[in-house]
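Encoded as structure tokens, the structure appears first; notes follow it.
The values are calculated or read from the model by the stated rules, or taken from the named source; none is laboratory data. This is a predicted model, so every value here is computed, not measured. So basically every Cβ, Gly included, is an ideal-geometry build from the backbone, and we count neighbours across all protein chains shown.
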Amino acid sequence: MTVEFRALRRTYGATTALDGLDLTVAQGELIALLGPSGCGKTTALRCVAGFETPDSGAVLIDGKDVTRVPANRRDAGMVFQSYSLFPNLNARDNVAFGLRVRRRPTAERHARAAELLALVGLPDHGDRFPHQLSGGQQQRVALARALALQPRVLLLDEPLSALDAKVRVTLREEIRRLQLELGITTVFVTHDQEEALSVADRVAVLRAGRLEQVGAPAEIYDRPATPFVAEFVGTMNHVPGRVTGDRVEVFGRSLPVDGTAPGELVDVLIRPEAVLVTPAEDGGALILASSFRGSTARLRVQLADQSEVLADVPGHDAVRLAPGLRVEVGVVERPVLVTARTSGDQEPAVA
């Protein structure tokens, strides 16, 4: 089962939610639609579900144009951010609701509901009502309900955003396990970059209704195609640099430019984990602050020109690299993305 967005366009008055979206989700793939609020990701999902009709373009499921096919005939299951469980039905009956609408025998409904509640880790919760379940448990029931009719496409609309951090991590891993086990084609909408990178086969980054980049999580993170993707997916330092040919000098080191340079003086985009910090009594940089994060520590470092950069170092180095320490700053040898200078005529950074 494949899902295709073909030149999808959707407007609401003067607001353009989707502006010619082209994207194909392969059979059995989990693709995450990632972007800020208002970028069109939920509208795209609702167009697949049949809850929205695009102004132009088409939605294809398994090669068939379903753009104007009613939602109940699209063979897609949807899980909402707000759970949307029926408060007057217990977990078993919530899961079996779609089967009841289709007039399946009671025994079949109960057997299917029990099977799915076990699949999502709630085998003993069938008699409980939504108010007797935690947020994570309610979302598991909602997921089981979406799977009850054995849909060929699973649509997830920010299903974890209402949960606390620990439950969110657990449930996203559970969703990924189930998706792989069932081999179901899945579109997962989120604004959480960590969530998208951790569960998806590919990530599609949207901005203002347009696709900025689509690729494997590692590609999106390590080789962002545009400054927007670089800034949205992870943290970036903007460091002044000077371009010579196809390389840029920054922190006294010459690095290959990933793409084309807009001029000689540029801003170099560098991830915190690519910044190297070395203790040096006569170093030109100073550690201002350190934030311990367990396996890593994030340092805020002031350079000789009074500008600042963030550096991620191993957590066990947090004591050695304490605030007030003089250091030298370098950078890992890897291709870097550069953008037009936004910081005046400042010279390339030195440590």
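Screening the candidates GLU281, GLU264 for the property of being surrounded by fewer than 18 Cβ atoms within 10 Å (Cβ to Cβ), touching a residue at least 24 places away in the same chain (Cβ under 8 Å) and in contact with a strand residue (DSSP E or B) (Cβ under 7 Å, 6 or more places away or on another chain) yields one hit, GLU281.
Among the residues of this structure, THR185 does not count as one that is assigned by TED's automatic domain parsing to the domain that holds GLY38, among the hydroxyl-bearing types (Ser, Thr, Tyr), in contact (Cβ under 8 Å) with a residue 12 or more places away in the chain and within 9 Å of ALA32 (Cβ to Cβ).
Within segment 216-226, the set of residues being within 12 Å of the chain's Cα centre (by Cα) and either under 23 Å from ASP19 (Cβ atoms) or in a strand (DSSP E or B) (or both) comprises just one member, ILE220. Among the residues of segment 72-121, just one is under 30 Å from ALA44 (Cβ atoms) and touching a Phe, Trp or Tyr at 6+ places or on another chain (Cβ under 6 Å), namely ASN94.
Do you know which residues across segment 158-177 are under 15 Å from THR190 (Cα atoms) and surrounded by 14 or more Cβ atoms within 10 Å (Cβ to Cβ)? Once the filter is applied, which keeps residues that are under 15 Å from THR190 (Cα atoms) and surrounded by 14 or more Cβ atoms within 10 Å (Cβ to Cβ), segment 158-177 yields GLU158, PRO159, LEU160, SER161, ALA162, LEU163, ARG168, VAL169, LEU171, ARG172, ILE175, ARG176. The number of residues in segment 27-51 being closer than 15 Å to LEU206 by Cβ and assigned to a loop (DSSP other than H, G, I, E, B) comes to 6.
ALA216 satisfies every condition listed in (1) under 29 Å from GLN302 (Cα atoms); (2) touching a strand residue (DSSP E or B) at 6+ places or on another chain (Cβ under 8 Å) except (1).
Taken as a whole, the structure leaves ALA113 outside the set of residues that are under 29 Å from ALA216 (Cβ atoms) and either outside any loop (DSSP other than H, G, I, E, B) or without any contact (Cβ under 8 Å) to a residue 12 or more places away in the chain (or both).
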